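Asks: One structure is given below, represented as structure tokens, and several questions about it will come after.
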């Protein structure tokens, strides 16, 4: 009797092993197809992870969710839970992940934020799948782990100087084109974190009463620093197309201005090394004469 039980157990064990080898040749895995910054502004940024769960098994996996911890320099920042998903046998399913980061939240968990040059972003977790199949494990766990480096970055933009001056305002100067508008326009752009950066500005416009005075396609700064001075000061001679604007300026009216630009912060030695976002300032200006 005992021999019979041993034989039954032996053959059952062999069959289980055979089944598992046939149906579970390779374990499922999460694959990261791409990582990119989806959105950046003065408050924070969003990272999109294009992930995919690949199921190599010859049977489908039931509904489950992906859970992981979001850590910065091994400090817990937040926890993430995905929408529910399932995957068919020998198939795959896309699992897009959007993580929102606030600069202020990061500074609360990283004490050395202002002096750190590089921050380590780690996602650590996985997905559990319950199996209700004879001769197979009751549960399988598919790990999900990512490690990337990001800059220690909090952008700050301050208007250092913004004013207008009119020179040579006599009527005869206007007739011969000697009247000019001196525009003083300076922005201090800096990083409150510990990473130095190179700055590139794109599609920069400065308008007064919808009259375009400055238009710069790109402007690149060669030096790598924690702050850059964007100086757009210039002298503009009043031509025929600007005479209406001149009359308003000469009358000391308050005029509406609009400043727009795209800022690209470029960092070294990190995986996510370019942060780009638009800025816009609007207000009223008066003229100095």
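Asks: Quick check on packing: order 222-235, 66-79 by the mean number of other C-beta atoms within 10 Å, highest mean leading.
Replies: The densest-packed peptide leads the list: 66-79, 222-235.
Asks: Along Cα→Cβ, 7 Å out, is where each label goes; now give me the distance between the ones at residue 37 and residue 108 in nm to one decimal.
Replies: 2.3 nm
Asks: Right, next: Kindly list the residues of segment 104-136 that lie in the label zone of residue 69, defined by a backbone N under 16 Å from the point 7 Å along the Cα-to-C-beta vector.
Replies: Label zone hits: 109-110, 120-127.
Asks: Find how much the distance from residue 157 to residue 202 grows on full extension, using 0.36 nm per residue of separation minus their present alpha carbon separation; answer in nm with one decimal.
Replies: Values: separation 45, 0.36 × 45 = 16.20 nm, distance 1.56 nm.
Value of the extension gain: 14.6 nm.
Asks: How much FRET efficiency would the formula 1/(1 + (r/R0)^6) give for residue 139 and residue 274, where r is the Cβ-Cβ distance and R0 is 41 Å, rounded to 0.05? It would help to have the intermediate numbers written out before the result.
Replies: Details: r = 41 Å, r/R0 = 1.01.
Calculated value: 0.50.
Asks: Treating each Cα of segment 26-151 as an identical point scatterer and ignoring solvent, apply the Debye formula and state log10 I(q)/I(0) at q = 0.20 Å⁻¹.
Replies: Taken in order of the listed q values, log10 I(q)/I(0) reads -1.11.
Asks: If you build the Cα gyration tensor of segment 190-242 and take the root of 5 times each eigenvalue, what three semi-axes come out, in whole angstrom, biggest first? Could the numbers behind the result be given before it?
Replies: Details: eigenvalues 181, 21, 18 Å².
After scaling each eigenvalue by five and taking roots: 30, 10, 9 Å.
Asks: Report the residues of segment 261-275 in range of a label on residue 117: point 7 Å along Cα→C-beta, backbone N strictly under 11 Å from it.
Replies: The answer is 268-270, whose backbone nitrogens lie closer than 11 Å to the label point.
Asks: Give, in nm to one decimal, the length gained when the segment between residue 78 and residue 282 is fully stretched (0.36 nm per residue of separation minus the Cα-Cα distance). Let's see the in-between values first.
Replies: On the way: separation 204, 0.36 × 204 = 73.44 nm, distance 3.59 nm.
Additional length available on full extension: 69.9 nm.
Asks: At a Förster distance of 45 Å, what's the computed FRET efficiency of residue 56 paired with residue 182, Cβ-Cβ distance as r, to 0.05?
Replies: 0.05
Asks: A further question follows. Given a Förster distance of 22 angstrom, what is the FRET efficiency for residue 236 paired with residue 262, based on the Cβ-Cβ distance and rounded to 0.05? Intermediate values should be presented prior to the final figure.
Replies: On the way: r = 23 Å, r/R0 = 1.04.
FRET efficiency, residue 236 to residue 262: 0.45.
No value in this document is a laboratory result; all are computed from the given coordinates. On a predicted model such as this, the values are computed, not experimentally measured, just so you know. Because the Cβ atoms are built from the backbone with ideal geometry, glycine has one as well, and the counts that use them run over all protein chains shown.
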